[in-house]
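These notes are about the structure you will find just below.
The values are calculated or read from the model by the stated rules, or taken from the named source; none is laboratory data. Because the structure is predicted, anything quoted here is derived from the model rather than measured. Neighbour counts are summed over all protein chains in view; Cβ atoms, including those assigned to glycine, are modelled from backbone coordinates with ideal geometry. We work out accessible area using only protein heavy atoms, side chains counted, and drop any ligands, DNA or RNA first. Shrake-Rupley method; radii C 1.70, N 1.55, O 1.52, S 1.80 Å.
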Amino acid sequence: MNIFDYLLWRKDLSFYQSELNEIDALIFSVISYVEYDNIIPSYPSKRKKLYRKCVDEVFKKTPKKEIKLGLLLPNNILDVAEECQRSERFGKIFVSNYINRISLENEEQFCAITYHINDTLFICFRGTDDTLIGWQENLNMICEKTIPAQYDSVKYINKVASLYPDKQIIIGGHSKGGNLSFYASIYCDKDVQKRIIKVYSFDGPGFFKKKLDKEKYHRIKSRLISYLPQDSIVGQFFDLISKKIVIRSNARGVNQHDALSWQIEGTHFIREKALTHRSIEIDKGITKLISSLNIEERQKLSGEVWKFFSKLELDKLVQIKGNYRQLIRSTTTIDRKYRRFIISAILIFLKNGAI
């Protein structure tokens with residue numbers, strides 16, 4: 001059973017009849033990857049719109065068959081949104097406060113949506129999309145500094161909470177969206193933090209634990225929960241700071257990051273006892289590789305990769321398709337030391353059969 005089976009099974013049940021569960025939280029995180037620019041009311045505002053109408057406008061704006069979410073994002077996310085549109089459970093909820101910020105200057109990709117579920121706000125942060133700047137921002141995480149999207153996640157939750165002062169709050173996101181969910185819940189205002197019921201991270205990377213504010217973290221720690229597929233790679237990056245639930249996927253290696261491959265039973269994911277040997281060995285290898293560089297070297301690596309991206313003169317990963325010769329030629333612009341680092345990282349994945 002997967003997300004589509006779940007949507008068909010639960011489509012007639014409202015959130016009044018059956019409260020939000022972990023599968024619903026994942027679905028909200030998955031459909032956040034759809035482009036809702038100029039469709040969902042923009043942040044910050046108290047204006048709301050029926051989700052059903054939003055999806056209808058997305059496909060009126062651009063026919064579904066012509067939409068490409070990217071090189072790595074599965075296009076059947078659009079099918080999930082369409083099934084949500086048809087269902088009573090998801091189609092009749094309201095959405096608001098959409099923001100989709102791409103900043104080359106700040107090296108930032110940040111997107112968030114607020115879903116209104118009865119007396120609760122589900123604040124969702126989008127994971128990394130197809131923009132090259134989004135992938136550059138991910139790499140900046142190894143520099144042990146706060147990235148712009150993390151700062152903006154805190155501002156976002158504080159502002160939205162102030163717009164709806166009587167609402168309880170749930171937060172969630174997939175991939176980088178999970179990381180932002182945890183960061184926002186830790187560093188938001190104390191009175192906002194008290195209103196948070198639960199925070200979901202779906203295969204989201206962790207943190208350098210020594211950099212966290214211990215007092216703020218311990219106030220919210222019991223409400224943080226991470227879901228990792230058994231071959232998890234992204235969710236193993238950096239330190240895990242929450243309760244961990246390992247779940248089953250019908251994919252392999254890096255493809256398990258695709259949440260549509262996660263297996264469901266009833267209103268829960270199918271649990272696995274532990275992460276695979278592959279996941280553990282990749283985590284060890286990548287951690288050792290990153291540790292071989294000091295902070296200055298990590299910053300230099302990040303700068304070299306950004307220089308490489310800039311030479312490509314492309315905006316999105318999907319544009320690389322058909323431009324592989326240009327991609328290979330451009331790698332020569334990367335300093336030899338850091339080119340070796342990138343090759344070593346790729347070899348770790350290959351050695352463990354993850355790609």
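Numbers at a glance
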quantity: Electrostatic dipole magnitude of the range 226-303 [Cβ: Lys, Arg +1; Asp, Glu -1; Cα centre; debye, to 20]; calculated: 140
quantity: Whole-number percent relative contact order across the chain, with pairs defined as alpha carbons under 8 Å at least 6 apart; calculated: 15
quantity: Considering only the range 53-178, percent of DSSP beta bridges that pair antiparallel, nearest 5; calculated: 70
quantity: Choice from Tyr338, Tyr115, Tyr183 with maximal GNM fluctuation in the chain (Cα, 10 Å cutoff); calculated: Tyr338
quantity: Ordering of 286-293, 233-240 by packing [mean C-beta count within 10 Å, highest first]; calculated: 233-240, 286-293
quantity: Cα-centred dipole magnitude for the chain, charges only on beta-carbon of K, R (+1) and D, E (-1), debye, nearest 20; calculated: 500
quantity: Full-extension gain in nm, Lys210 to Asp315, via 0.36 nm per residue minus C-alpha separation; calculated: 34.4 nm
quantity: Inter-site label distance for Arg252 and Lys65 at 7 Å from Cα along Cβ, in nm; calculated: 3.3
quantity: Cα-Cα over 29 Å, subset of Lys46/Lys190; Lys65/Lys243; Lys60/Lys244; Lys46/Lys209; calculated: Lys65/Lys243; Lys60/Lys244; Lys46/Lys209
quantity: List Leu72, Leu139, ordered by accessible area with a 1.4 Å probe, largest first; calculated: Leu72, Leu139
quantity: Residue (of Leu260, Pro205, Leu240) at the positive-pole extreme of the range 205-316, dipole from beta-carbon charges; calculated: Leu240
quantity: Antiparallel DSSP beta bridges within the chain, percent to nearest 5; calculated: 50
quantity: Nearest 10 degrees, 0 to 90: helix 51-61 Cα axis against the chain principal axis; calculated: 60
quantity: Whole-number accessible area per residue in Å² for the chain, which is evaluated in the context of all protein chains at 1.4 Å; calculated: 46
quantity: Efficiency of FRET between Lys49 and Arg340 - r from beta-carbon atoms, R0 51 angstrom, step 0.05; calculated: 0.50
quantity: Tilt relative to the chain, helix 336-351 - C-alpha long axis, 0 to 90 degrees, to 10; calculated: 60
quantity: Calculated FRET efficiency for the pair Lys273/Arg101, C-beta based, R₀ 41 Å, to 0.05; calculated: 0.55
quantity: For the chain, calculated [θ]222 nm from helices alone, where every DSSP H run of n ≥ 4 adds -39500 (n - 2.57); calculated: -12500 deg cm²/dmol
